[in-house]
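Take a look at the structure below.
The values are calculated or read from the model by the stated rules, or taken from the named source; none is laboratory data. Quantities reported herein were computed from a predicted structural model and do not represent experimental measurements. Ideal geometry is used to build each Cβ from the backbone, glycine not excepted, and the neighbour counts take in all protein chains shown.
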Amino acid sequence: MSNNSKRFSQRRRKNLGLTLGILLLSVSWLVSADAAEDTARERIEALQETWNRGDMGAYLANYHRDAPMVLSFGNTLVQGWNALDELFRQSYPDPLRMGRFTIDELHVQVLEPTVAIAFGNFTHVFPTETIKGGFSHVLTREGEGPWLIRHERTSRGEVLHTE
């Protein structure tokens, strides 16, 4: 084999190794992104489960306690976990007043390994009304830690009175 052929063969092996390395990293990121999407989805689904169980403490544990958490609905901004805790506990002091909450549609997109967005539609049934609306959440996490809601926006669409 000539020197040119050997150099060409070495370059091909090097290029093949580089290509395989990039391919493995891409596949690894896709698998990681799918797992991250699944765990972010589970966090949002936990909102429905803990709310309908009447467990306000477990419900609020889905929100970021340390980061600057913001809830926006209507023309109201609630800033910080303590303000969120106070609002929810005063507004919904017992399971009857909490009503029944259902996520009708849910989409999750992982924007980067530590940031995801979730959005969809919900139905919230109270003793005197049923609210259909939309929501969006920005979730963040530290490294491989749990996803927590950093920002939430909800909007009422249709309100049906049941009295």
Please tell me if Ala40 is buried (at least 18 other Cβ atoms within 10 Å of the Cβ) and not charged (D, E, K, R).
yes
Suppose we keep only residues that are of a type in the set (Ser, Thr, Tyr) and exposed (fewer than 15 other Cβ atoms within 10 Å of the Cβ) within segment 105-163. Which one would you say is nearest to the chain's Cα centre (by Cα)?
Ser155
Flag for Gly54 being on the phi > 0 side of the Ramachandran plot and touching a helix residue (DSSP H, G or I) at 6+ places or on another chain (Cβ under 8 Å):
yes
Is it the case that Ile117 is within 28 Å of Ala35 (Cβ to Cβ), assigned to a strand (DSSP E or B) and at pLDDT 95 or above?
yes
Looking at this structure, is Arg97 more than 17 Å from Glu42 (Cα to Cα) and either touching a residue at least 12 places away in the same chain (Cβ under 8 Å) or of a type in the set (Gly, Ala, Ser) (or both)?
yes
Does Glu152 meet the test of being closer than 21 Å to Leu84 by Cα, part of a strand (DSSP E or B), at pLDDT 95 or above and acidic (Asp, Glu)?
yes
Could we say that Arg65 is more than 25 Å from Glu37 (Cα to Cα) and either outside any strand (DSSP E or B) or within 13 Å of the chain's Cα centre (by Cα) (or both) here?
no
When segment 89-114 is examined, which residues are found to be assigned to a strand (DSSP E or B) and among the basic types (Lys, Arg)?
Arg100
